[in-house]
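Structure record follows, encoded as structure tokens.
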Amino acid sequence: LGIGGPEGDHMVVVENTPAVHNVVVCTLCSCYPWPTLGLPPTWYKSPAYRSRAVREPRALLAEMGTSLGDDVEIRVWDSSAEMRYLVLPEQPAGTDGMTAEELAPLVTRDSMIGVERL
């Protein structure tokens, strides 16, 4: 991605699909890709988010406004000091003919953490 710095050196991008939804958390502290996403949201650092993202991700996502069908697998990625994760959101319906420049404004910080669908 061409992004450097101690919080952005080692990043893995995981792709959302119709069958798989990815969520990023840091269960140990609050490791976050600052160079890419800016300051982390307050809830990302909260003990409630950090524990519930692992224990009950479907319920947590629903409370945050992202309801997923039972047929959608949820994968939780635990960021660490050595590795940060970033979600590549699923392309929204009706945007097939759009360029990368036209799609970019649709992508949000929360969709790249995985708590929001586009």
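Distance between the 7 Å Cα→Cβ label points at L28 and E82: 0.8 nm. With the helix formula -39500 (n - 2.57) applied to DSSP H stretches of n ≥ 4, the chain reaches a computed 222 nm mean residue ellipticity of -6000 deg cm²/dmol. Spacing of the modelled spin labels on R75 and A19, each 7 Å from Cα toward Cβ, amounts to 1.2 nm.
Modelled spin labels at D96 and T42, positioned 7 Å past Cα toward Cβ, are 4.3 nm from each other.
Rg of the Cα atoms in the chain, relative to 2.2 N^0.38 Å, amounts to 1.04. Converting phi to 3J(HN,Hα) with the Karplus coefficients 6.51, -1.76 and 1.60 and the offset θ = phi - 60°, the stretch 80-93 yields 9, 4, 8, 9, 10, 10, 9, 8, 8, x, 5, 5, x, 4 Hz in sequence order, with x at every glycine or proline.
Could you tell me the calculated FRET efficiency between S51 and L106, based on Cβ-Cβ distance and R0 = 41 angstrom, to the nearest 0.05? For R0 = 41 Å, the calculated efficiency reads 0.85.
Every number here is computed from the coordinates shown, using simple stated rules; none is lab data. This structure is a prediction, so every number in the text was calculated from the model and none was measured. Counting neighbours? That spans all protein chains shown, and the Cβs are built from the backbone with ideal geometry, glycine included.
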